[in-house]
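Since the structure comes first, as structure tokens, the remarks are kept for the end.
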Amino acid sequence: MNDIMSLNELAEYFRTPKSTLYKLSEAGKVPSFKVGKELRFKRASIDRWIEQQEKAKKKTRRSI
């Protein structure tokens, strides 16, 4: 897989609808950038974001 992913590739990677990822991206919740009108995602940024989400969830569980 390339270092830069399209919306379709990220949807496949996450196994989630493109519309969900588009909304998350537009809300600034998933790291992305645009090339023209199309969204792109750096794989390294996405993988770091996933790790951050996992860590945040673990912290939340510990504080309960």
Enumeration of residues in the range 9-18 that are surrounded by fewer than 11 Cβ atoms within 10 Å (Cβ to Cβ) and at negative phi: Pro17
The range 44-56 residues that are under 10 Å from Val30 (Cα atoms), paired with ones that are in a helix (DSSP H, G or I) (beta carbon under 8 Å, 6 or more apart): Ile46/Leu10; Ile46/Tyr13
Close pairs (8 angstrom Cβ cut-off, 6 or more residues apart or separate chains): among the aromatic types (Phe, Trp, Tyr) in the range 1-13, loosely packed, with under 11 Cβ neighbours inside 10 Å anywhere: Tyr13/Met1
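Bear in mind these aren't lab numbers, they're just calculated from the coordinates by the rules spelled out. These figures come from a predicted structure and were not determined experimentally. Virtual Cβ from ideal backbone geometry, glycine too; neighbours counted across all protein chains shown.
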